[in-house]
Structures are given as C-alpha cells and as structure tokens.
1. Could you list all residues from segment A:211-248 that are surrounded by fewer than 22 Cβ atoms within 10 Å (Cβ to Cβ), in contact with a strand residue (DSSP E or B) (Cβ under 9 Å, 6 or more places away or on another chain) and either among the acidic types (Asp, Glu) or within 8 Å of chain B (Cβ to nearest Cβ) (or both)?
2. In this structure, does B:Arg221 turn out to be open to solvent by 40 Å² or more (accessible area, probe 1.4 Å), among the basic types (Lys, Arg) and farther than 30 Å from B:Glu142 by Cβ?
3. Looking only at residues that are facing chain A (nearest Cβ under 7 Å) and aliphatic (A, V, I, L, M) in segment B:95-115, which one is most open to solvent (accessible area, probe 1.4 Å)?
4. Got at least one residue in segment A:188-195 being under 24 Å from A:Gly326 (Cα atoms), small (Gly, Ala, Ser), within 7 Å of chain B (Cβ to nearest Cβ) and open to solvent by 10 Å² or more (accessible area, probe 1.4 Å)?
5. Quick one: is B:Ala128 more than 25 Å from the chain's Cα centre (by Cα), within 12 Å of another protein chain (Cβ to nearest Cβ) and in contact (Cβ under 8 Å) with a residue 24 or more places away in the chain?
6. Can you name the residue in segment A:134-179 that is of a type in the set (Lys, Arg) and in a loop (DSSP other than H, G, I, E, B) and is also farthest from the other protein chains (Cβ to nearest Cβ) among such residues?
7. Here is a check on your reading of the model: is A:Asp162 in contact with a Gly (Cβ under 8 Å, 6 or more places away or on another chain) and more than 27 Å from A:Pro282 (Cβ to Cβ)?
Amino acid sequence: VELKARAAKLMRAQISALPQGTVSAEDWLDNDGINDEPLKIALDLTIDGETMVIDFSRSSPACAGPVNISRSTTIAACYVALKHIFGDVPANAGVLEPVEFKIDDASLLAVKAPKPVGGYTETILRLIDVVFQAVAKIAPEPAMACAYGTINALSLAGHRADGKRWVMFSFFGGGHGAHAGGDGLNHGNAPISTATIPPLEILEAAYPVRFTQWALRPDSGGPGKTRGGLGAIYEIELLEKQADVFLFGERGRHAPPGVVGGSAGAMNRFSYEQSDGWHQPPMASKMVGISIDRGQRLRLETPGGGGYGDPLARDPQAVARDVALGIVSREHAQTDYGVVLDAEGTVDTDQTKTLRSREAAQ
Amino acid sequence: MSGPAYVIGVDVGGTFTDVFILDEAAGRVTTAKVPSTRGDQSRGFIEGIASKVEAFGDIRTVVHGTTVGTNALLERKGARTGIITTEGFRDVLEMRRRDRPTTWGLKGAFTPVVDRPDRVEVRERVLADGSVLEAVDPVEVEARARDLMEAGCEAVCVFFINGYANSDNERIAVEAVRSIWPTPYVTAATEILPEIREFERLSTATLNAYLQPVVSSYLDRLESGLKEQGFDGDILIVQSNGGVMSIDTAKRYPVRTALSGPPPA
C-alpha cells in the first residue's frame, strides 16, 4: 500500500511537470492476417494537471484476425510504455492511479470473447510505440524513439526421417529506438519482455535447420541526431525433406517511426525460397503454411529502431565511424545524414557543410 | 638443522601490495605491506617479499591473486584483438543473446571489445551433429590473419560455429594462424570453453585473447624478476573460482584470472 501510494505520488509529479494540453500520435498495423487492410492505432494524450488521459477512441474497430486485444491488455501495455519512459517510478499499480483511459468498446483494443486475440504481441508493441511518439512531443528528454515493434514469431514444422514431428518456434530481435543520450541498442529484445533469443547452436542441435547468416542489418537503424539501433538478418536453411513455414510479424509496411525529428528505422522484410526462386508473403509480414524443401532458405530482415532528432545534426564523425564499422553505407551517410566522406572514409568538411545546408533548406 | 621454507601469498591492490609469509620449517607467519607499483606491479611484488625474506632460494611456493586482468577488463585496456569466424557470423559477439542492459527504459547499449572491422569471416561450416559440411582452407585463414596483423591486432581469437561438436576446422585454422602470428597470443574458442552456445563460448574466448598480451607479459616479468632474485619454486595463480593454476596455464588462459584478485580477499 505504501509503495503503491509512493508510485502514484511520483507519477503525479512526473505528469504535472509536463506541458498541459493534448498531443496525438497515429501508427499502423500492416493487417490482421485475414483482411489485408491496415489497422489504425490512434492516441490522443492529454495532460490535465496531475492527470494523464490516454484516449484511443480514434483507433480501428475490432477485426477478424487475431490482433485484437482486451481492455486490460491495452491498459497493461500503456503501463509498460510509461514505465520505460518514467523509469524512476516504482513498478506497481500506483503508476496508473493518475492515468485515465478512454477505450471504445467497439475498438480492437477492448474486445471480449470470442474475438481472437492470439496475435496480441504486435498490437501491444504498437500501443507502446504511440505512447513513445506522443510523449516525445511534450517530453523529449526522457523519450525514446520506437523500437522494432514486432515479435516476428516464426515457426517451421515438418517430419523427421523417422516420422517424428518437429516444430521450431522462435521470436527474433531488432533495433531499439534512439534517445537523447545515445544511439539505440542493436539487436535488442522486445519492449514487452526481457526474453533472450535461444543460441543458434541450440536451435541447430534441436531442429533440422542450419543458419547461413546471423548478423546485424546495415542501414536499418533510423537516421537521427542519435541513430536507431540495428535490426538483424537471420537466414535459415532447411536440412530435412520438407517443412511448413508460418510467420506472424508486423512492420512490413509501416516502419518504426523516429521522434523529435528523427527518421524511421528499416521495415521488416521476410523472404522465402522455393524451387522457382525467392518470394515475399502477399500480406508482407504474415503467412501460413508455405512449404519449403531441403536446401531452401528463409530470410528474416528485422526492423531497426527509429532515430531521435534531426539526422543533419548528427556529428559527422559519428557518421564516419558508422560507415567504418559497416553499419551505415556511404550512400546512406550522404542521403540520410548529408555527410560526404573521402576515399579514406574521412569526413569532407566543406562538401558536408554544403550538402547539409542545401538539404536543410529543402 | 634445515633453513626456512617459505610459502608466500601476494595480493596486489590498487594502493598497497600485501604479502603473507609462512615459514613452514619454523611454523611462523609474517606479513608485509608495501606500496603497489603501478605500471609494473611485479616490482612492488618483489620488493614486498624482499622486505622480509633474505634468500629467495628459500621460497618453495608463491601464490598470487592478480588484478592485472580484472583492471584491463574493467578499464577496457586489453589488447586490440581480431576474431576469425565462420562466414555469416561476424556479429555474434555484438548480437549477444538479444538482451538489454536494464528492464525498464530502453536506453542502454553494449560496446563490444572487438570492433566490427576486426571481426573477419572465412568459408567453413560444421553442423550440429559434428559433420563437416565445408572444410576450412588454411590459406584463406592465413590471409585473414595477415589482414588483422596489418590492421594492428595484437591477439586473435578463432571461433567457429558448432566447434563444440567438432573442433577439427577450428584446430586447422588456429594452427594456420599460429604458424604466422609473431606472438603466442592466439586463442581457439574450443580450447577455452568447449561447450554449446555460441555467444557464451565466443565472448569468453574473446576476453581470453583480449587479456592475454597484458596478463601474460606481466606474468613473464614476475617470473623473471623472481628468478633473478634466486627463486626456484612454484608460482601458483589464483583463478576466478578461488582455486589455483600454474603460471604457464595462467598465461594460456588469462580469462581465468578475470576475478583472480577478489576470491582470496
């Protein structure tokens, strides 16, 4: 009781320090996996004295696919988002005492049985993203840009030579958002959990697969004064006769936004190989029952985090270092950051100045 | 009547070097405290012993807990290290286990001890069942090792995926590196920790390579300094787990001294 009261008090203090008024943020889910239509998650966030009003009224209605969530899940996701931003407040229910929720009963954020909710991870990640985006507009200092925003639940299933069934199911990582204090974390875990990824050696020992790549994804971090963290590339080859592949992901069509003038991270991209070549799922980030054969591969390129602040304000030396590390290409150094490097990779100060002032004028 | 027979324990701290002297023949215990000598801890070490012991030839055993490795690790002052690894996996060290530094607040970051350009790939592949899908080419390994040498690396760690299941490729590669590397500072991941889990095995082996030049050269100075004084006994180095190892083992596996100082303290 004491701890809860303390958390509520601290949260009220945090809220009352924010500028009064309403800010909004809108973000999207690619689709619900059944109907290929984008779903809107819209937040109007109002600061009214010591109270914060979180209003999701403008969000899409409940959908046929499993990206609906219940009202309590919506509230819990907002709790997680606020705790990430206001980290000093103790982790208990007191955090939500000064927070008022407006969630339409008809929306995808307040469904009841029998509406499907199995894909809830993607929706709660998007809720965290809109809270981050809205708060960044009134409190840039503690804010973070959006993280990679998808669980990328991938499963491969088949039968071994002896007839036994096998299913490999795993989640994959991506970049965290940039913030005032620094670049985003490369290959982090989802903001909704602290789960780690199984070692690829464990996956290879347990399932008939071999990873052909397990690497950082260059140019995936959202450009900004501080850069978003990098997503990853995972490429998997099937070693058994046949497997069915399922993917439940997001951010295939709507990239993780930056904040405070930062740009978005790279979108999620999933590809799979069949006898007639490489394909991408028609619904971008979700698919069921695609069959692949021995020697064919899957390739998951996960999103980077969003950038923070104007990319043209990033220290050119930091951009040069990113290029030297091979995590930003020369081309992107120029187009995203307005930084020109010479043949040795050193910043060309004059050309950079010219390019930046030209881009700033546009 | 026989002369004194000493067993000596030495703990080098940031400010003082503490020496514990047991004369096994007389059953007598003495201690000494002298200022630590930053830069080369072996000087203070030897001065500390010399303040109480007349003849170093009377010392049977020296047991030493050292923070040289610990400090190099904490201050990030290990050697510039290169990693030679399986094609497709140069980022294993930096990708970790997809964790984050703090539960709340997505603001932490990790800085790998080996920068990305110093992590190079070669063609080779062992599968989880230990079968060799693709043999390693020692000539390619040598070429990559020369690249690292030219870039300024002092130490190398060779780490191949599934090396725990079959270390043949890794062994061939590490022999190729050792055949051209000017120093003994070449680590094979499976020599350090022959266990499944790529990040854990690689990160431990990388730290071994990173610490080896610093720890090994310190132990060399210590060994020759004691010999010059007439010492002819055993030197035992405290491991992170509280046990001890020979000085030669410590030079090969310096990562085991990462917490050498703290256990006896």
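1. A:Phe211, A:Thr212, A:Gln213, A:Ala215, A:Glu235, A:Glu237, A:Leu239, A:Glu240, A:Asp244
2. Details: open to solvent by 40 Å² or more (accessible area, probe 1.4 Å): yes; among the basic types (Lys, Arg): yes; farther than 30 Å from B:Glu142 by Cβ: yes.
Judged against the criteria, B:Arg221 is a match.
3. B:Ala109
4. no
5. Details: more than 25 Å from the chain's Cα centre (by Cα): yes; within 12 Å of another protein chain (Cβ to nearest Cβ): yes; in contact (Cβ under 8 Å) with a residue 24 or more places away in the chain: yes.
Yes, satisfied.
6. Taking segment A:134-179 and keeping what is of a type in the set (Lys, Arg), we get A:137, A:160, A:164-165.
Remaining after also requiring in a loop (DSSP other than H, G, I, E, B): A:160, A:164.
Working: A:Arg160: 13, A:Lys164: 16 Å.
That would be A:Lys164.
7. Values: in contact with a Gly (Cβ under 8 Å, 6 or more places away or on another chain): no; more than 27 Å from A:Pro282 (Cβ to Cβ): yes.
No.
This table checks each residue for (1) at pLDDT 95 or above; (2) in contact with a Ser or Thr (Cβ under 7 Å, 6 or more places away or on another chain); (3) small (Gly, Ala, Ser).
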| residue | (1), (2), (3) |
| --- | --- |
| B:Gly48 | no, yes, yes |
| B:Leu74 | no, no, no |
| B:Met95 | yes, no, no |
| B:Arg98 | yes, yes, no |
| B:Gly105 | no, no, yes |
| B:Ala109 | no, no, yes |
| B:Asp129 | yes, no, no |
| B:Val136 | yes, no, no |
| B:Arg144 | yes, no, no |
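The values are calculated or read from the model by the stated rules, or taken from the named source; none is laboratory data. Since this is a predicted model, take the numbers as computed values, not measurements. We place every Cβ from the backbone using ideal geometry, glycine too, and count neighbours over all the protein chains shown. In case anyone asks, the SASA skips ligands and DNA or RNA and just uses the protein heavy atoms, side chains included. Shrake-Rupley method; radii C 1.70, N 1.55, O 1.52, S 1.80 Å.
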